[in-house]
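Notes for the one structure printed next.
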Amino acid sequence: MELDTRILRREEQTIYRLRQLYERRGYSPFKMSKFEEYDLYGRSKDFLVSERMITFTDQRGVLMALKPDVTLSIIKSTREQAPGPRKVYYNETVYRWGKGDEGFQEIMQTGLECIGQLDLYHIYEVIALAVESLASIRQDYILDLSHAGLVGGFLEAAGIPDKDLPRVMEAVREKNRTELGRYCQETGRSGTVSALLEKLITTYGPMEQALQDLAPLCVGGKKTREAWEELSSIQALLKANGLGDKVFLDFSVEGDMDYYSGIVFRGFLKGLPRGVLSGGQYDKLMERMGKHCGAMGFALYLNELERLDPVQTDFDVDLLLRYDDATDLTALTRTLAEQTAAGKQVLVRRDPTGVRARETMDLRGGEEA
């Protein structure tokens, strides 16, 4: 069935296209309740975007929360022993505390999760679907990608103690070379170590070239070497399938190292100031929830699409049908049925004021004008 873009809003069009994309790759729809027991979220507050939640006590005396996240519910409902990876997609509304004085917001999300014994193909598949999801909305997009293993390997090689990790990672996330240099000076880091850490800030660009530049720094340690090899394999697969041109390596894309174990990424669309897609591998979150398998997924924030340039059109409807008290309503309704069956968008009005119509059909007085 052809998608009628004149009727569906931008986010509705996106949901329709992405549902087709995900189902064609073997993902099944996941539907959840609007609320879960608070304990599910309370045990993983630092995984959530915001710790604030809308809560209430039900008739059993159990504290419940309007869902601030979908991933945790999917993990909770996943059986470890099920054959093959579990592949699900969703269209859900989550309830989160906004920035500044925005208060709680309803945020529309669509996304997917792949959970189970994942191999290189599954990791590639999720990244490829993230790329195709962005491309289905607008061709001017970028997917920035990082790897927790490679970042962690650099930090280990630099000898950064755990207590300093928040400061260093904040500088990396903000691409703040001045603050990173200040840290190295205050802690007496050598020029070699300082240069290694600076690579986490200055590395940015298409994956193929960025990985070539990093290769000499990644061969010495097991963690960095394995991460580099995995990224190189992913890059090769993306390139082979025509999906690699707009995937960039960027270590400022940070995932909490208590949860994320491998690749993390964030997607951007031209014309929007903030990322519209985020995801990655969260094996450590699975472990903390008592599930011994891998997991990877992403979410696309549909509310952000409202900020894109509105679709411009010269007309409100294809056809305006005018009528009055003397109009034969049988003829009017028959004409309406014929025109809508022909695929036209039709508006029936007595008064045409303010209506921009491609065509007007006047049925007033019982005769077509």
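Could you give every pair whose Cβ atoms fall below 6 Å, whose first residue belongs to region 103-123 and is of a type in the set (Phe, Trp, Tyr), and whose second residue is part of a strand (DSSP E or B) and open to solvent by 70 Å² or more (accessible area, probe 1.4 Å), counting only separations of at least 6 or pairs across chains?
That search, which allows pairs on different chains as well, returns Phe104/Trp97.
Anything in region 226-277 that is farther than 23 Å from Gly111 by Cβ, of a type in the set (Phe, Trp, Tyr) and outside any loop (DSSP other than H, G, I, E, B)? List them, or say none.
Trp228 - this is the single residue of region 226-277 that is farther than 23 Å from Gly111 by Cβ, of a type in the set (Phe, Trp, Tyr) and outside any loop (DSSP other than H, G, I, E, B).
Looking at (1) open to solvent by less than 50 Å² (accessible area, probe 1.4 Å); (2) among the hydrophobic types (A, V, I, L, M, F, W, C); (3) modelled with pLDDT under 85, which one does Phe315 not meet, given that it meets all the others?
(1)
How many of the residues making up region 14-41 are within 23 Å of the chain's Cα centre (by Cα), in a helix (DSSP H, G or I), at pLDDT below 80 and not hydroxyl-bearing (Ser, Thr, Tyr)?
1
Name, by its number, the condition in (1) on the phi > 0 side of the Ramachandran plot; (2) open to solvent by 60 Å² or more (accessible area, probe 1.4 Å) that does not hold for Gly280.
Failed condition: (2).
Rundown of residues vs (1) open to solvent by less than 80 Å² (accessible area, probe 1.4 Å); (2) closer than 17 Å to Thr224 by Cα; (3) assigned to a helix (DSSP H, G or I); (4) touching a His at 6+ places or on another chain (Cβ under 7 Å), yes/no style:
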position: Phe154; (1), (2), (3), (4): yes, yes, yes, no
position: Leu165; (1), (2), (3), (4): yes, no, yes, no
position: Val168; (1), (2), (3), (4): yes, no, yes, no
position: Ala171; (1), (2), (3), (4): yes, no, yes, no
position: Leu180; (1), (2), (3), (4): yes, no, yes, no
position: Tyr183; (1), (2), (3), (4): yes, no, yes, no
position: Arg189; (1), (2), (3), (4): yes, no, no, no
position: Val193; (1), (2), (3), (4): yes, yes, yes, no
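Go through (1) under 36 Å from the mean Cα position of the chain (by Cα); (2) open to solvent by 70 Å² or more (accessible area, probe 1.4 Å); (3) not small (Gly, Ala, Ser) and name the single condition Glu304 misses.
If we test Glu304 against (1) under 36 Å from the mean Cα position of the chain (by Cα); (2) open to solvent by 70 Å² or more (accessible area, probe 1.4 Å); (3) not small (Gly, Ala, Ser), just (2) comes out false.
The values are calculated or read from the model by the stated rules, or taken from the named source; none is laboratory data. Just so you know, these numbers come straight off a predicted model, no measurement behind them. Neighbour counts run over all protein chains shown; Cβ positions are idealised from the backbone, glycine included. For the accessible areas, the whole protein counts, side chains as well, though only heavy atoms, and no ligand, DNA or RNA atoms are used. Shrake-Rupley method; radii C 1.70, N 1.55, O 1.52, S 1.80 Å.
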